[in-house]
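Working notes for the structure below.
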Amino acid sequence: MRSRKPLALFAAAALALAGCSGGGGDASTEGPVTLTWWHNRTTEPMKSKWQQIADDFHKTHPNTSFTIEPLQNEQFQTKVPLALQGNTPPDLFQQWGGGALADQLKSGKIADITQASSGWIGPLAKNADGWKVGGKQYGAPYLMHAVGFWYRKDIFATAGITATPTTVDELNAAVTKLKTAGVVPIALGGKDRWPDAFYWAYFAVRQCSVDTLKKAVEKTELTDPCFLKAGENLKSFLDTKPFQDGFVGTPAQQGAGSSAGLVANGKAAMELQGDWNPDVMQALTEDKEIGSKIGWFPFPSVPGGQGDPSVLLGGGDGFSCTTRAAKACAEFLGHLVGDDVQKILAETNSGLPVTPAGVAALKSEPHKTIAAAMTKASHVQFYFDTAFPTKVGQALNDTIANFFAGQGGPDTIVKSVSEAAAGNK
Amino acid sequence: MMSAAITTRPPTAPVPHAPAAGGTRRRSRLRPRLELAFLLTPALLLFIGFVLIPIGVAGYYSLYSWNGFGPLTDFVGLDNYVDAFSGDVFQGAIGHNLIIAVLSVVVQLPLSIGLALLLNRKLRGRTFLRMVVFAPYVLSEAVTAVIWLLMLQPGGFVDEILRGVGLGGLVQLWLADQSLVLYTLFVVITWKYIGFGVILLLAGLQGVPAELREAAALDGASAWQTTRHVVLPLLGPTIRIWIFLSVIGSLQLFDLVWIMTLGGPANASTTMATYLVDHGFKRYEFGFGSAVAVILFIICFVFALFYQRFALRRDTAGALTGAR
């Protein structure tokens, strides 16, 4: 899940005891195998859902057992590289795909499951692409995510906004109306940096054609002029001052003063965030009805942009297998994208199911809307920090965050990618 | 006046040397050595395994461009160090660490001494007040950081308090203003660590003999003179140790900053340690991160050596340095 919880501290302690469990078994033999599984669902209900799913799988596949280790989201950043460098990496671990996966391949320990997944990967269609490197499948998603505007229907009505904005001009008009109504138009968790990156990414996605986007990721460069134009559009948008005061110091998900908290408590009208936001908001307000007060609309189109307005910015939660028990692991991944598990996941509202059967089982209205938009989208652009190699993606995020804080310009953002790719610090 | 003659340290007397009889000399030499080996080995192994070797390994990694996966093949010499020192962000980070270190000594020390002197007097509710001052130190840094992060949001607790007492004009964007954020963090650091200084100094104050105060009073010294010329000189060792701990702590500052600002906005509160995590771990640049870690280590180490040599020399004579 992309809902990064800053509280989950950088764990220096992770240096010490990176995964040492895991029983016998071998990829080549059919004997009993125990899979060590690192996932990032440390809270209920998903924590026990995963346990349940593993137990059920063990019942039908007695040769496969699990040692489950839920880890805080941020710990994966440090623990996975260390574990892959060691001799006993987990057999199955949280994988966001994209550039980080490509980085991890260099360890030689990530299993190629192209063959093993051929029987079940079909229904995932384009959802599985993010876990491919060089045409080979190195993992699979179990839930997808997409970013869009979450808005307060009640505040929109009060401010006299009758339809959700479909173009940036309409968005700007809505911002003006909301300001007149005395509400913060858009909340932004700038302290955490990645919410800033959503804006730049969406202006790029609306400005650049799908081909240009794909090429940019492939070559790790933003040389096409459309990326510069995207930054300029973003600048004009920032000049309208649509965010709350001091947004560069606002956390995204912590407390009522966070960006999600501001919307949840009616202090702000909109937030550009992922599909996970209703859960985050619910935790930050006393208002039990918040779920029915918010709606979702995709990022508006940009006049003159080459981008397809149906394209969504998103990502996904998946798993990769390591080579030791790749066969059993891939079989389990197949189980996770099967109809039964996808239906269970659909009920948790913690993301968008990866298969049509799962999508059909969705109950929450906003999630149905997002899933429909996702199905309709001609392309789902991975978050750039995930799509690019890690060092490039992080450099891009930092540069965008600095831009939001008033440092640098559209050209700085474009340059940060080529400079980071060239190894400049 | 009276400061010159005072010393609390007992005169160092030579240890009497017991003459050893010829037959037992050998055994008596061997035995202490065995004991030493037996008692020191575990600690020594741990120290070597978890301190010296990692430092050496970090130094080795720092010479490579390495993303943490696969073998070390891309030897770059000292490029990582050059990159770090030539970058604005890292230079800024060093500056921020130094500002915090200087502010700690200049602001926290007088504050700690004042509070310690106050809490050393017989006053009603002294134990309770001591506890109140010390309580923030007991909180973990993470908890402190989250509490303050929430309180310092625009319109949050701090702003409301200021407005409530009619100081609304002082309200600032505490964590969002790039020229202010570092000092906001310093206030939180002070809030958290003042209790530690106070407790340390209170302990030091217990070592000031009542007789000396009495003697000073008999000589007609005022309360201020007694404090200035009797108490403070005797607190010297405690103050020097506190400065040492405080500066090292300032150089290694991480948790609070990481949770409250992530080093932002626009790197306005980056410290060496947050820079290390940001550019080392988060970007999978483990070679570069190691170089930053080595720089941080060397700065702390050099400071520690010089401080031991020049400031702590008298306090630690015989314990850490060669006695003669």
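The values are calculated or read from the model by the stated rules, or taken from the named source; none is laboratory data. Computed from a predicted model, the values in this text were never measured in an experiment. Here Cβ is always computed from backbone atoms with ideal geometry, including for glycine, and neighbour counts include all displayed protein chains. With ligands, DNA and RNA removed, areas are computed over all heavy atoms of the protein, side chains included. Shrake-Rupley method; radii C 1.70, N 1.55, O 1.52, S 1.80 Å.
Would you check if residue B:310 is within 24 Å of residue A:84 (Cα to Cα), open to solvent by 10 Å² or more (accessible area, probe 1.4 Å) and modelled with pLDDT under 95? Reasoning before the result, please.
Working: within 24 Å of residue A:84 (Cα to Cα): no; open to solvent by 10 Å² or more (accessible area, probe 1.4 Å): yes; modelled with pLDDT under 95: yes.
Taking the combined requirement at face value, the residue does not satisfy it.
Please find, within the stretch B:80-98, the residue that is least open to solvent (accessible area, probe 1.4 Å) out of those that are facing chain A (nearest Cβ under 9 Å) and either more than 22 Å from residue A:402 (Cβ to Cβ) or hydroxyl-bearing (Ser, Thr, Tyr) (or both). Working first, answer last.
Narrowing the stretch B:80-98 to residues facing chain A (nearest Cβ under 9 Å): B:80, B:83-84, B:86-87, B:89-90.
Within this subset, residues satisfying the condition of being either more than 22 Å from residue A:402 (Cβ to Cβ) or hydroxyl-bearing (Ser, Thr, Tyr) (or both) are B:80, B:86.
Numbers: B:80: 5, B:86: 76 Å².
Checking each candidate, the answer is B:80.
Looking at A:222, A:188, A:213 in this structure, which one is surrounded by 22 or more Cβ atoms within 10 Å (Cβ to Cβ), in a loop (DSSP other than H, G, I, E, B) and under 20 Å from the mean Cα position of the chain (by Cα)?
On the way: A:222 fails: under 20 Å from the mean Cα position of the chain (by Cα); A:213 fails: in a loop (DSSP other than H, G, I, E, B).
From the options A:222, A:188, A:213, the qualifying one is A:188.
How about the stretch B:105-158: which helices (runs of 4 or more DSSP H) wholly inside it have at least 3 residues that are within 14 Å of another protein chain (Cβ to nearest Cβ) and β-branched (Val, Ile, Thr)?
Values: elements: B:109-120, B:126-138, B:141-151.
Output list reads B:141-151.
Which of the residues spanning the stretch B:287-300 are more than 7 Å from chain A (Cβ to nearest Cβ) and hydrophobic (A, V, I, L, M, F, W, C)? Talk me through it step by step, then tell me what you get.
Taking the stretch B:287-300 first, the residues more than 7 Å from chain A (Cβ to nearest Cβ) are B:287, B:289-300.
Residues satisfying the conditions are B:291, B:292, B:293, B:294, B:295, B:296, B:297, B:298, B:299, B:300.
Under 6 Å between Cβ atoms, which residue pairs at least 6 apart in sequence (or on different chains) link something in the stretch A:353-381 that is open to solvent by less than 20 Å² (accessible area, probe 1.4 Å) with a partner that is charged (D, E, K, R) and assigned to a loop (DSSP other than H, G, I, E, B)?
These pairs meet every condition: A:370/A:275.
Being of a type in the set (S, T, N, Q) and without any contact (Cβ under 8 Å) to a residue 24 or more places away in the chain narrows it down to one residue among A:85, A:72, A:95, A:104; which is it?
Details: A:72 fails: without any contact (Cβ under 8 Å) to a residue 24 or more places away in the chain; A:95 fails: without any contact (Cβ under 8 Å) to a residue 24 or more places away in the chain; A:104 fails: without any contact (Cβ under 8 Å) to a residue 24 or more places away in the chain.
Sole residue among the options that is of a type in the set (S, T, N, Q) and without any contact (Cβ under 8 Å) to a residue 24 or more places away in the chain: A:85.
Working carefully through the options B:223, B:293, find the one that is at pLDDT 95 or above and either assigned by TED's automatic domain parsing to the domain that holds residue B:67 or more than 18 Å from the chain's Cα centre (by Cα) (or both). Let's see the steps before the verdict.
Working: B:223 fails: at pLDDT 95 or above.
Result of the check over B:223, B:293: B:293.
For residue A:130, only one of the following conditions fails: (1) modelled with pLDDT under 95; (2) in contact with a Pro (Cβ under 6 Å, 6 or more places away or on another chain). What is its number?
The one condition residue A:130 does not meet is (2).
Can you go through A:111, A:116, A:128 and tell me which one is under 19 Å from residue A:312 (Cα atoms), assigned by TED's automatic domain parsing to the domain that holds residue A:78, crowded, with 16+ Cβ neighbours inside 10 Å and among the small types (Gly, Ala, Ser)?
On the way: A:111 fails: under 19 Å from residue A:312 (Cα atoms); A:116 fails: under 19 Å from residue A:312 (Cα atoms).
Testing whether each residue is under 19 Å from residue A:312 (Cα atoms), assigned by TED's automatic domain parsing to the domain that holds residue A:78, crowded, with 16+ Cβ neighbours inside 10 Å and among the small types (Gly, Ala, Ser) leaves just A:128.
How about the stretch A:57-78: which of its residues are out of contact with any helix residue (DSSP H, G or I) (no Cβ under 6 Å at 6 or more places or on another chain), outside any strand (DSSP E or B) and more than 14 Å from chain B (Cβ to nearest Cβ)?
A:58, A:59, A:60, A:61, A:62, A:63, A:71
Could you please find all residues in the stretch A:401-425 being open to solvent by less than 30 Å² (accessible area, probe 1.4 Å), under 20 Å from residue A:100 (Cβ atoms) and within 11 Å of chain B (Cβ to nearest Cβ)?
A:401, A:420, A:423
Look through the stretch B:159-176, keep the residues that are without any contact (Cβ under 8 Å) to a residue 40 or more places away in the chain and within 14 Å of chain A (Cβ to nearest Cβ), and return whichever of them is most open to solvent (accessible area, probe 1.4 Å).
Initial filter on the stretch B:159-176 (without any contact (Cβ under 8 Å) to a residue 40 or more places away in the chain): B:159-174.
Subsequent filtering for residues that are within 14 Å of chain A (Cβ to nearest Cβ) retains B:159-160, B:171-174.
Details: B:159: 3, B:160: 97, B:171: 33, B:172: 77, B:173: 67, B:174: 46 Å².
Looking at the filtered set, the residue picked out is B:160.
Tell me which residues, restricted to the stretch B:220-241, are crowded, with 16+ Cβ neighbours inside 10 Å and aliphatic (A, V, I, L, M).
Passing the criteria: B:221, B:230, B:231, B:234, B:235, B:239, B:241.
Is it the case that some residue within the stretch B:218-241 is more than 13 Å from chain A (Cβ to nearest Cβ) and closer than 28 Å to residue B:152 by Cβ? Please lay out each step first, then the result.
The initial filter retains those residues of the stretch B:218-241 that are more than 13 Å from chain A (Cβ to nearest Cβ), namely B:218-241.
Next cut, closer than 28 Å to residue B:152 by Cβ only: none.
So far as the stretch B:218-241 goes, no, none of its residues is more than 13 Å from chain A (Cβ to nearest Cβ) and closer than 28 Å to residue B:152 by Cβ.
Only one residue in A:331, A:347 is within 21 Å of residue A:55 (Cβ to Cβ) and out of contact with any Ser or Thr (no Cβ under 8 Å at 6 or more places or on another chain), so which one is that? Show your work before the answer.
Details: A:331 fails: out of contact with any Ser or Thr (no Cβ under 8 Å at 6 or more places or on another chain).
After applying the criteria, what remains is A:347.
The conditions are (1) away from every other protein chain (no Cβ under 14 Å); (2) in contact with a Lys or Arg (Cβ under 9 Å, 6 or more places away or on another chain); (3) open to solvent by less than 30 Å² (accessible area, probe 1.4 Å); (4) not basic (Lys, Arg), and residue B:194 fails exactly one of them. Which is it?
Residue B:194 satisfies every listed condition except (2).
Among the residues of the stretch B:75-87, how many are free of Cβ contacts under 8 Å to residues at least 24 places away in the same chain and of a type in the set (D, E, K, R)?
1
Let me spell it out: the conditions are (1) within 23 Å of residue B:303 (Cα to Cα); (2) touching a helix residue (DSSP H, G or I) at 6+ places or on another chain (Cβ under 7 Å), and residue B:65 meets all of them except one. Which number is the exception?
Every listed condition holds for residue B:65 apart from (1).
Among the strands (runs of 3 or more DSSP E) contained in the stretch A:227-338, which hold 2 or more residues that are within 22 Å of residue A:157 (Cβ to Cβ) and open to solvent by less than 40 Å² (accessible area, probe 1.4 Å)?
Working: elements: A:268-274, A:294-297, A:312-321.
Here the list reads A:268-274, A:294-297.
Can you name the residue in the stretch A:382-400 that is assigned to a helix (DSSP H, G or I), more than 11 Å from every other protein chain (Cβ to nearest Cβ) and not β-branched (Val, Ile, Thr) and, of all such residues, is nearest to residue B:88 (Cα to Cα)?
The extreme case among them is A:384.
Please verify whether residue A:273 is within 24 Å of the chain's Cα centre (by Cα) and within 14 Å of chain B (Cβ to nearest Cβ), treating the condition exactly as stated.
No: the conditions fail for residue A:273.
Under the condition of being facing chain A (nearest Cβ under 7 Å) and part of a helix (DSSP H, G or I), which residue from the stretch B:256-286 is surrounded by the most Cβ atoms within 10 Å (Cβ to Cβ)?
Filtering the stretch B:256-286 for residues that are facing chain A (nearest Cβ under 7 Å) and part of a helix (DSSP H, G or I), the one surrounded by the most Cβ atoms within 10 Å (Cβ to Cβ) comes out as B:279.
Considering only residues that are part of a loop (DSSP other than H, G, I, E, B) and farther than 21 Å from residue A:80 by Cβ, look in the stretch B:57-72 and name the one that is least open to solvent (accessible area, probe 1.4 Å). Walk me through it before giving the result.
Filtering the stretch B:57-72 down to residues part of a loop (DSSP other than H, G, I, E, B) leaves B:62-63, B:65-72.
The next check asks that each one be farther than 21 Å from residue A:80 by Cβ; those that pass are B:62-63.
Values: B:62: 0, B:63: 49 Å².
Out of the qualifying residues, it is B:62.
Among the hydroxyl-bearing types (Ser, Thr, Tyr), open to solvent by 80 Å² or more (accessible area, probe 1.4 Å) and out of contact with any Asp or Glu (no Cβ under 8 Å at 6 or more places or on another chain), is that true of residue B:41?
Values: among the hydroxyl-bearing types (Ser, Thr, Tyr): yes; open to solvent by 80 Å² or more (accessible area, probe 1.4 Å): no; out of contact with any Asp or Glu (no Cβ under 8 Å at 6 or more places or on another chain): yes.
Taking the combined requirement at face value, the residue does not satisfy it.
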